[in-house]
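Engineer: Handing you this structure, nothing more for now.
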């Protein structure tokens, strides 16, 4: 399996989710299945079916996370100093060349991306356009809505 780049914060979140699924969600769904079985006929037992579906989801997510956690490559932005070049885990301040709007994004792994919190996936169109550029460069982002140009104002590794 190939390595999965992620920040330390993202790795901690995945590990915490895995721990919660194993220690809280799995036991509670097993209990729900047991209680539903005690109610009798399973062929028309909606609670039983619902609990079984939830169990399938939980077990699938546990397997997915176990595979990911074993392949994580943790990249600490504090130890990365690429001399003003945009790399994975960098925080980038951009200015939209049309509107003048200034936005700040951190480039993170797919599993920790959250645009509302300013964390964009390394595989997103904007991150792909930024990787390898330097402060002062103009990045052209090709997106479904068309091309956008952004000036890279600042790159930091925090």
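The values are calculated or read from the model by the stated rules, or taken from the named source; none is laboratory data. Keep in mind it's a predicted model, so treat the numbers as computed, not measured. All Cβ positions, glycine included, derive from the backbone under ideal geometry; neighbour counts span all protein chains shown.
Engineer: Sort out which residues of region 50-79 are within 30 Å of residue 140 (Cα to Cα), out of contact with any strand residue (DSSP E or B) (no Cβ under 6 Å at 6 or more places or on another chain) and either at pLDDT 95 or above or exposed (fewer than 15 other Cβ atoms within 10 Å of the Cβ) (or both), and write them in order of number.
Structural biologist: 76, 78, 79
Engineer: Restricting attention to region 122-148, which residues are within 24 Å of residue 74 (Cβ to Cβ), without any contact (Cβ under 8 Å) to a residue 24 or more places away in the chain and touching a strand residue (DSSP E or B) at 6+ places or on another chain (Cβ under 7 Å)?
Structural biologist: 127
Engineer: Moving on to the next point. Name the residue, out of 63, 55, that is touching a helix residue (DSSP H, G or I) at 6+ places or on another chain (Cβ under 8 Å) and farther than 30 Å from residue 157 by Cα.
Structural biologist: Criteria check complete, one pass: 55.
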